[in-house]
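Taken together, the values in this text are just the output of simple stated rules run on the coordinates, not laboratory data. Just so you know, these numbers come straight off a predicted model, no measurement behind them. For neighbour counting, all protein chains shown are included, and Cβ atoms are generated from backbone atoms with ideal geometry for every residue, glycine included.
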Amino acid sequence: MLRLEGVSAGYGRAQVLREVSFEAKAGEILCLVGRNGAGKTTTLKAIMGLLPLMAGNVTLEETVLSSLPAHFVPRHGVGYVPQGRRLFGALTVAENLEVGRLTNGKDRLVVEEILSIFPRLAERFRQRANTLSGGEQQMLAMGRAMCLRPKVLLLDEPTEGLQPSLIVAIQDATIRMREQGVAVVLVEQRLDAIVELADHVALLENGRIRGIMTRSEMASNPKKLASHLGV
């Protein structure tokens, strides 16, 4: 289980997150929902150790992730697909996946598994990442994170700007991660995707958690969820 307890963080003197607390359980998808600027991406960066915490802590099982250098966090089973993908553009699909596999060096079968989930990547295996389409790059970014065999997968708006068929492929892979017992923290703005995928929704507003909704609460009170989306 991933747990945030009283996490405050920001950029320099500019505080963005204020005492954020929530849990992401194994085999569940938690959607982090909020308007632009609410602190969603900042929350994921804080989990990954890319921002120093002003207060609070982040733990995964018995490990205090927030006490570790950022480059140690993936070694404990946290995969991250940032907004903008952040691929190594000059490297091939194969080489980008190999970078992801370095943290899980004993697992020789994981790349084959990724290619079975995203057959398009198999077709582009020796192609440089910066020559792929946007959707193919998103598949590669997600595949690279999945190469860790993560306990937790952080996804920052993975379907943004993609065509419908590629959105389905990304969502199917997300559901597959849940079925394999991975805790997924998903930043998403599309109401239909949230309702379809989420087991729980954390409502983020002005850097604070304003509530946690279950799947049944989303179904019975969709207006509350919708009110936390948009500009």
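Of all DSSP bridge pairs formed entirely within the chain, close to 55 percent run antiparallel.
Grab the beta carbon distance between Glu5 and Ala122, set R0 = 41 Å, and tell me the FRET efficiency rounded to 0.05. Calculated transfer efficiency: 0.50. Kindly identify segment 1-117 as rounded, prolate or oblate by the Cα gyration tensor criterion: order the square roots of the eigenvalues as a ≥ b ≥ c, call it rounded if a/c is under 1.5, otherwise compare a/b with b/c, prolate if a/b is larger, else oblate. Verdict is prolate for segment 1-117. For segment 2-226, the equivalent ellipsoid built from the Cα gyration tensor has semi-axes of 27, 21, 16 Å, listed from largest to smallest. Ordering Met218, Ser133, Leu30 by the projection of their Cα atoms onto the charge dipole of segment 2-226, which places +1 on the Cβ of Lys and Arg and -1 on the Cβ of Asp and Glu, puts Ser133 at the extreme positive end. Of Val111, Val81, Val64, the residue with the greatest mean-square motion in the GNM of the chain, using alpha carbon springs below 10 Å, is Val64.
Between Leu50 and Ala219, the contour length at 0.36 nm per residue exceeds the Cα-Cα span by 57.4 nm. For segment 48-126, the list of GluC sites (Glu not before Pro) that fall in a loop by DSSP and count at most 10 other C-beta atoms within 10 angstrom reads Glu62. Taken along the Cα-to-beta-carbon direction at a fixed 7 Å, the label points for Glu113 and Asp172 span 1.8 nm. Straight distance only, please: which aspartates and glutamates reach the Cα of Lys40 with their own Cα at less than 19 Å, same-chain residues fewer than 8 apart left out? Partners found: Glu5, Glu19, Glu23, Glu28, Asp156, Glu157, Glu160, Glu188, Asp192, Asp199, Glu205. In the elastic network of the chain, a GNM with C-alpha springs shorter than 10 Å, the most mobile of Ala129, Ala141, Ala90 is Ala90.
Ala94 to Asn57: FRET efficiency via 1/(1 + (r/R0)^6), r the Cβ-Cβ distance, R0 30 Å, to the nearest 0.05? The formula returns an efficiency of 0.20 here.
Here segment 167-231 is assigned +1 on the Cβ of each Lys and Arg and -1 on the Cβ of each Asp and Glu. Its dipole about the Cα centre then comes out at about 220 debye.
Since only Val81, Val187, Gln15 are under comparison, the one whose Cα sits farthest along the positive direction of the charge dipole of the chain, derived from C-beta charges on Lys, Arg, Asp and Glu, is Gln15. Residue separation of Arg208 and Ser227 scaled by 0.36 nm, minus their Cα-Cα distance, works out to 5.3 nm of gained length. Placing unit charges on the Cβ atoms only, positive for Lys and Arg and negative for Asp and Glu, gives the chain a dipole magnitude near 460 debye about its Cα centre.
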